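Since the structure comes first, as C-alpha cells, the remarks are kept for the end.
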C-alpha cells in the first residue's frame, strides 16, 4: 500500500490529477536557490523560455548569462565561471548538454572538479512531435560512468524544485534531468527528498518496481491495478541514479525477490543497468527492464510514444507479472 | 613590469635556457612527452612567471593572483619547469613527470597540482574556461587578469571560436589569449593541415585586439605583454611567433619533434647545445 511517510497527494489515482512539466519545477527551484546564494548564475544557450529561465532572468538579470547556440562553450565556459567562484546552472536540452557537450562535461567540469550544475531539459521520448533528434534517451548512460557526477531525475515538478535547491547546496557537479511534457504532480512539499536517498512510495512483497523520473507515477498506477489482481508491488522512487542508493535496492530485492526497473531512457546503460550492477554483486535477483528497447525515438504525441515504446501502465504491469512468474518458477 | 634593463632581459634569457634544459631532461626521463612546443614557448613562460604574472608560488590559491590557463595541455613540461623554478615545488619533482602517482600528469590536472589552474589536454577548451573566469572576475569587479596560452593548431577546434565570440560579445579586456604561432601541428604544417591565415584578421573580425611579437625575443615578449595593459574594451590576442624546438638546432622547425621519443644520444646532444648557449648568455650577462 501507499506509504503515509511518502506524503503523496490524496488524489494520486485520479485521472484528472493536476499536471506540470518537471522543467517548471526547475524554473521555481533555481529562483529559490538563487535568492539564498548570490554566487548562483544561470547560463543559457538560446532556450530561455523552454528551459524555464524567464523568471530567473527577470529576477537576476546580472546573473543570467546568454551564450547562444554554444553547447560546448556552455559546459567549458561554466567550468571557468565555477573556478571564478560562481555556481553555474547550465541549461539546455539534454540532447545538447550533456549530449553534444559530453567531453567538456567530462573533462572541464567533472575531471576538473568544478561546482557546475548541468540542467538537461527535454529528456525522454515525451518530448513528442519534435522527434528523435531532440529526444535524449541516452543521457543517463553517458553520464553514469563519469566518476564524480551526481545524477538526479525527479519524479514530478514538486520534487524537481526540491532537487534544484538541493543540487545548489551539493558540492560538486550534478546532472539534473527534466522533461518537457507535463506529467502528474503527486508528491507534496512534505514528501521527503534527499539526494542519494531513495523514497519507497508504496510497500509490497511480491515484486519491487524501482523507477525514476515521471514514470514513477505510471509505476504507482500499475501497482494499484495489480493489487486488485492479487499482486503486492513495492514502488521505489530512485530519483538519484548516481550515487545509487544501494541499500534501498538491496532492501527491495530482499523483500520482494524480483525487480522491475522503469525509466524513460534506453534500457542500455540507464537506471536498470545501475540496479543490475548493484544486485549482481550483492544479491543476484530476477529483473525485468522497462525503458526504450535499443531504438531511436520518433515523432508522436507524448502519451502515444510512451505506449509505443512500452513504458505505459499496461507495459509496466506486464513486466511485473513476468518478473513475478520468473520468481515463482525459480 | 614596465621597461626592463638589459641586465634583467639577459637574466630572463638565461632562465628560459634553464627551462629548456628542464624540458629536455624531463621528457627524456619520462620516455615520452612533448618537446617542440615547450621549447618554442620557453621565452614566453620565462617572462610570464618571472615578470608578467601577479602570483605567489608559496600561496598558489591567492585570491588576487592572475590566472594562467594552459589550453594546449600537452605543452605542460614548460609550465612545470617554470613553476618549479619559480618555487611552486622542488625542481627535483620534475623527474616524476608522467610517472604513476605524480602531481605532474602527462596532461595537467588542477586538482593534483596547486597552481595548475585547470585540467587541460583535449584541445580548444582553454579559452572557454579562461573566458568564464574572466567573466566571473568582471562580475565581482576583481582586478586580476586571465591569461590563456593556446597553440595555433588548436584553433581548428570549434569550441575555441565559440569562446572567441563570447569574449568579444562581453568585451572581456581582462582576458589575454597568447597564441603559440609556431606553424606546426602533429601531422605537419598548420597551413597544409587546415589553413589558419589570415589569422590576425579573424581575431579582429571577432572583436578582439591583436598584438604580435617575436616569441623567442624576450625583450619583445616583455614589451608586448606590457602593451596588453593599455588595451581596453575588447579581449586581447597576443600572437607570439615562435620557432618550435627553439634552442635545439636539430629540432627547430621540424614538426616531428612535436612529440617523439629521444633516440640514444639525442637528449644528451640537446643538453650540450643548451649548455653552450647558457655559457654564452652568462658571459654576456657578466658584462652588463
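The values are calculated or read from the model by the stated rules, or taken from the named source; none is laboratory data. The structure displayed is predicted, hence computed values, not measured ones. A quick note on method: Cβ atoms are made from the backbone with ideal geometry, for glycine too, and the neighbour counts reach across all protein chains shown.
Structure data summary
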{"quantity": "In the stretch B:85-105, the residues that are closer than 28 Å to residue A:85 by Cβ, in contact with a helix residue (DSSP H, G or I) (Cβ under 6 Å, 6 or more places away or on another chain) and buried (at least 21 other Cβ atoms within 10 Å of the Cβ)", "calculated": "B:104"}
{"quantity": "Single residue of B:201, B:162 found to be surrounded by 17 or more Cβ atoms within 10 Å (Cβ to Cβ) and either within 14 Å of chain A (Cβ to nearest Cβ) or farther than 24 Å from residue A:74 by Cβ (or both)", "calculated": "B:162"}
{"quantity": "Any pair with Cβ under 6 angstrom, 6 or more apart, that starts in the stretch A:246-266 at a residue that is in the same structural domain as residue A:317 (by TED's automatic domain parsing) and surrounded by fewer than 24 Cβ atoms within 10 Å (Cβ to Cβ) and ends at one that is at pLDDT below 95 and part of a helix (DSSP H, G or I)", "calculated": "A:250/A:282"}
{"quantity": "Flag if residue A:57 is assigned to a strand (DSSP E or B) and either surrounded by 15 or more Cβ atoms within 10 Å (Cβ to Cβ) or touching a residue at least 12 places away in the same chain (Cβ under 8 Å) (or both)", "calculated": "no"}
{"quantity": "Condition met for residue A:313 (in contact with a strand residue (DSSP E or B) (Cβ under 9 Å, 6 or more places away or on another chain), at pLDDT 95 or above and under 21 Å from residue A:214 (Cα atoms))", "calculated": "no"}
{"quantity": "Residue under evaluation residue A:145, criteria (1) surrounded by fewer than 24 Cβ atoms within 10 Å (Cβ to Cβ); (2) more than 11 Å from chain B (Cβ to nearest Cβ); (3) in a helix (DSSP H, G or I), criterion not met", "calculated": "(3)"}
{"quantity": "Tally, over the stretch A:96-142, of residues that are closer than 26 Å to residue B:109 by Cβ, in contact with a helix residue (DSSP H, G or I) (Cβ under 8 Å, 6 or more places away or on another chain) and part of a loop (DSSP other than H, G, I, E, B)", "calculated": "5"}
{"quantity": "Qualifying residue in the stretch B:52-70 (condition: crowded, with 22+ Cβ neighbours inside 10 Å and in a helix (DSSP H, G or I))", "calculated": "yes"}
{"quantity": "Residue within the stretch A:17-24 that is surrounded by fewer than 24 Cβ atoms within 10 Å (Cβ to Cβ), within 14 Å of chain B (Cβ to nearest Cβ) and assigned to a strand (DSSP E or B) present", "calculated": "no"}
{"quantity": "Within the stretch A:85-95, tally of residues that are in contact with a helix residue (DSSP H, G or I) (Cβ under 7 Å, 6 or more places away or on another chain) and more than 10 Å from every other protein chain (Cβ to nearest Cβ)", "calculated": "7"}
{"quantity": "Boolean, residue A:82 is part of a helix (DSSP H, G or I), within 9 Å of chain B (Cβ to nearest Cβ), in contact with a helix residue (DSSP H, G or I) (Cβ under 7 Å, 6 or more places away or on another chain) and over 24 Å from residue A:264 (Cβ atoms)", "calculated": "no"}
{"quantity": "Only one of A:164, A:174, A:152 that is within 25 Å of residue A:39 (Cα to Cα), in contact with a strand residue (DSSP E or B) (Cβ under 7 Å, 6 or more places away or on another chain) and free of Cβ contacts under 8 Å to residues at least 60 places away in the same chain", "calculated": "A:174"}
{"quantity": "Top-ranked residue in the stretch B:117-138 [being out of contact with any strand residue (DSSP E or B) (no Cβ under 8 Å at 6 or more places or on another chain) and more than 7 Å from every other protein chain (Cβ to nearest Cβ); ranked as surrounded by the fewest Cβ atoms within 10 Å (Cβ to Cβ)]", "calculated": "B:138"}
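Every residue, every condition in (1) in contact (Cβ under 8 Å) with a residue 60 or more places away in the chain; (2) under 27 Å from residue B:173 (Cα atoms); (3) surrounded by fewer than 24 Cβ atoms within 10 Å (Cβ to Cβ), yes or no:
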{"site": "B:14", "(1), (2), (3)": "yes, no, yes"}
{"site": "B:20", "(1), (2), (3)": "yes, no, no"}
{"site": "B:24", "(1), (2), (3)": "yes, no, no"}
{"site": "B:50", "(1), (2), (3)": "no, yes, yes"}
{"site": "B:81", "(1), (2), (3)": "yes, no, no"}
